[in-house]
Amino acid sequence: MDIKQAIKERHSVRQYSSDRIESDIRIKLENLIRECNNESGLHIQLITDDPECFDTMLGHYGKFSGVNNYIALVGSKNLSNLDELAGYYGERIVLEAQMSGLRTCWVAGTFGRGKCKAEIDAGEKLVCVISIGYGLNDGANHKSKDLSKLCGVAEKDMPSWFKEGIEAALQAPTAVNQQKFFINIDGEDAVIKAGFGPLTKLDLGIVRYNFEAASGHKCRTV
Ligand SMILES: Cc1cc2nc3c(=O)[nH]c(=O)nc-3n(C[C@H](O)[C@H](O)[C@H](O)COP(=O)(O)O)c2cc1C
């Protein structure tokens with residue numbers, strides 16, 4: 001499966017089987033996480049075999065079940081773009097997981113923050129987590145806003161790379177499916193702007209990763 005297919009097939013999955021993540025897949029994810037941390041300065045961690053973090057009122061309220069594994073997105077509060085970095089690298093890991101047969105869900109609210117087993121060093125913060133495991137279902141397509149609300153370029157004027165990027169951006173997960181971003185073209189570059197409100201910078205990083213992975217073009221964020 002290639003990355004574009006993974007972007008298309010990825011949906012939030014909140015119910016998981018009790019199967020442990022196969023060891024070769026786990027090693028692959030841990031290697032990728034190490035690479036992401038080296039590149040970004042983040043302190044992302046994969047926590048496995050810990051049912052407690054989602055076995056809370058909030059976790060049940062969020063309709064999560066069988067969550068035994070999660071990725072903790074941790075990083076220094078001194079990083080000015082901490083949320084955007086967490087979104088960008090988290091989505092890279094999410095798509096690798098999807099290609100390995102795992103299912104995921106980004107979770108900023110409905111989990112037991114105080115029960116998270118990740119190592120959070122002095123000066124660091126837990127941005128959010130991503131549940132991960134073998135899904136009991138594959139999730140479903142989310143509703144998307146009209147293209148004109150999310151993009152400043154008419155479809156007929158889009159270069160093919162930009163069109164690929166936009167399609168992937170529309171498929172990106174955003175908090176409560178808010179899709180508060182706007183994408184434009186500036187010469188050879190795509191530019192993504194975050195809207196106002198909670199978690200929009202985290203969403204921005206996620207959307208940027210999807211856009212870049214599908215289009216093969218780097219894009220700027222503002
Ligand atoms: C930053 C972020 C935070 C999220 N937090 C939660 C959460 O606390 N609980 C939950 O059930 N889903 C959460 N989600 C999942 C979104 O509701 C979901 O991504 C969105 O509705 C789009 O659906 P899809 O992921 O299936 O495409 C979060 C998603 C993102 C990107």
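ARG220 to ASP49: extension gain in nm, 0.36 nm per residue of separation minus the Cα-Cα distance?
Working: separation 171, 0.36 × 171 = 61.56 nm, distance 3.77 nm.
Length difference between fully extended and current span is 57.8 nm.
Where the accessible area of the stretch 100-222 is counted over protein heavy atoms with a 1.4 Å probe, how much of it, in %, is carbon and sulfur?
Carbon and sulfur: 53 percent of the exposed surface of the stretch 100-222.
Among ARG26, ARG208, ARG14, determine the one that fluctuates most according to a GNM of the chain built with springs between C-alpha atoms less than 10 Å apart.
Most flexible of the set in this elastic network: ARG26.
Could you give the dipole magnitude of the chain about its Cα centre, charging the beta-carbon of Lys and Arg +1 and that of Asp and Glu -1, in debye to the nearest 20?
Details: 27 positive and 30 negative charges, 128 e Å.
Roughly 620 debye, rounded to the nearest 20.
Exactly which trypsin sites (Lys or Arg not before Pro) in the stretch 96-198 are in a DSSP loop and have at most 11 other Cβ atoms within 10 Å? Before the final figure, lay out the partial values.
Working: sites: ARG103, ARG113, LYS115, LYS117, LYS125, LYS143, LYS145, LYS149, LYS156, LYS163, LYS180, LYS193; in loops: LYS117, LYS143, LYS145, LYS180.
Sparse-neighbourhood loop trypsin sites (Lys or Arg not before Pro): LYS143.
Looking at the stretch 130-222, which GluC sites (Glu not before Pro) are DSSP coil and have at most 16 other C-beta atoms within 10 Å of their C-beta? Provide the component values of the computation, followed by the final result.
Values: sites: GLU155, GLU164, GLU167, GLU188, GLU212; in loops: GLU188.
Taking the stretch 130-222 and a limit of 16 other Cβ atoms within 10 Å, the loop GluC sites (Glu not before Pro) found are GLU188.
Can you tell which of HIS142, HIS11, HIS43 shows the greatest fluctuation in a Gaussian network model of the chain with Cα springs below 10 Å?
Top of the fluctuation ranking is HIS142.
Out of all DSSP beta bridges with both ends in the stretch 147-221, state the antiparallel percent to the nearest 5. Intermediate results must be reported in sequence, preceding the final value.
On the way: 6 of 10 bridges.
Of all bridge pairs located within the stretch 147-221, approximately 60 percent are antiparallel.
Quick one: putting +1 on the C-beta of Lys and Arg, -1 on the C-beta of Asp and Glu, what dipole do you get for the stretch 12-69 around its Cα centre, in Debye to the nearest 20? The partial results should precede the final answer.
Details: 6 positive and 10 negative charges, 41 e Å.
Dipole of the stretch 12-69, to the nearest 20 debye: 200 debye.
Taking all pairs of distinct Cα atoms, average 1/r, flip it, and tell me the Kirkwood hydrodynamic radius of the stretch 3-133 in Å to one decimal place. Walk me through the numbers on the way to the answer.
Working: mean 1/r = 0.0679 Å⁻¹.
Final number for the Kirkwood radius of the stretch 3-133 is 14.7 Å.
At a threshold of 8 angstrom on Cα-Cα distance, excluding pairs fewer than six apart, so keeping six or more, what relative contact order does the chain reach in percent?
Numbers: 431 pairs, mean separation 56.0, N = 222.
In percent, rounded to a whole number, it is 25.
Taking the chain as a Gaussian network, Cα atoms linked when under 10 Å apart, which of SER76, SER100, SER148 shows the biggest mean-square fluctuation?
Of SER76, SER100, SER148, the Gaussian network model singles out SER148 as fluctuating most.
For ALA190, list long-range residues whose amide hydrogen, built 1.01 Å from N in the peptide plane, is under 5 Å from its own amide hydrogen.
Placed amide hydrogens put ARG220 under 5 Å from ALA190.
Sorted from largest down, what three extents in whole angstroms do the Cα atoms of the stretch 101-222 have along their principal axes?
So the three principal-axis extents are 49, 37, 25 Å.
Give the angle, between 0 and 90 degrees and rounded to the nearest 10, that separates the Cα long axis of helix 200-215 from the longest principal axis of the Cα atoms of the chain.
Approximately 70 degrees, to the nearest ten.
Return the distance in nm (one decimal) between the two label points of a simple spin-label model at SER65 and GLU9, each offset 7 Å from Cα along Cα→Cβ.
Result: 2.4 nm between the two label points.
Roughly how many whole Å is it from the C-alpha centroid of the stretch 1-24 to that of the stretch 162-197?
Value for the Cα centre distance between the two parts: 23 Å.
Take the chain, drop everything but the C-alpha atoms, weight them equally and run the Debye formula without solvent; then report log10 I(q)/I(0) at 0.12 Å⁻¹ to two decimals.
-0.61
Using a basic spin-label model with each label point 7 Å from the Cα along Cα→Cβ, how many nm lie between ARG26 and LYS117?
Modelled inter-label distance: 1.0 nm.
Tell me the mean residue ellipticity at 222 nm calculated for the chain from its helices only (DSSP H runs of n ≥ 4, each -39500 (n - 2.57), averaged over every residue, nearest 500). Let's see the in-between values first.
Numbers: 7 runs with 79 residues, N = 222.
So the calculated ellipticity at 222 nm is -11000 deg cm²/dmol.
Take every DSSP beta bridge whose two residues both sit in the chain, then give the antiparallel share in percent to the nearest 5.
Numbers: 22 of 28 bridges.
About 80 percent, rounded to the nearest 5.
Run through the stretch 3-50 and list the GluC sites (Glu not before Pro) located in a DSSP loop whose Cβ has at most 12 other Cβ atoms within 10 Å. Write out the running numbers ahead of the final one.
On the way: sites: GLU9, GLU22, GLU30, GLU35, GLU39; in loops: GLU22.
Passing both the DSSP loop test and the Cβ count: no residue.
The values are calculated or read from the model by the stated rules, or taken from the named source; none is laboratory data. What you see is a predicted model; the values in this text were computed from it and never measured. Don't worry about glycine lacking a Cβ; one is built from the backbone with ideal geometry, like all the others, and counts go over all protein chains shown. Note: accessible area is taken over every heavy atom of the protein model, side chains too, but ligands, DNA and RNA are not part of it. Shrake-Rupley method; radii C 1.70, N 1.55, O 1.52, S 1.80 Å.
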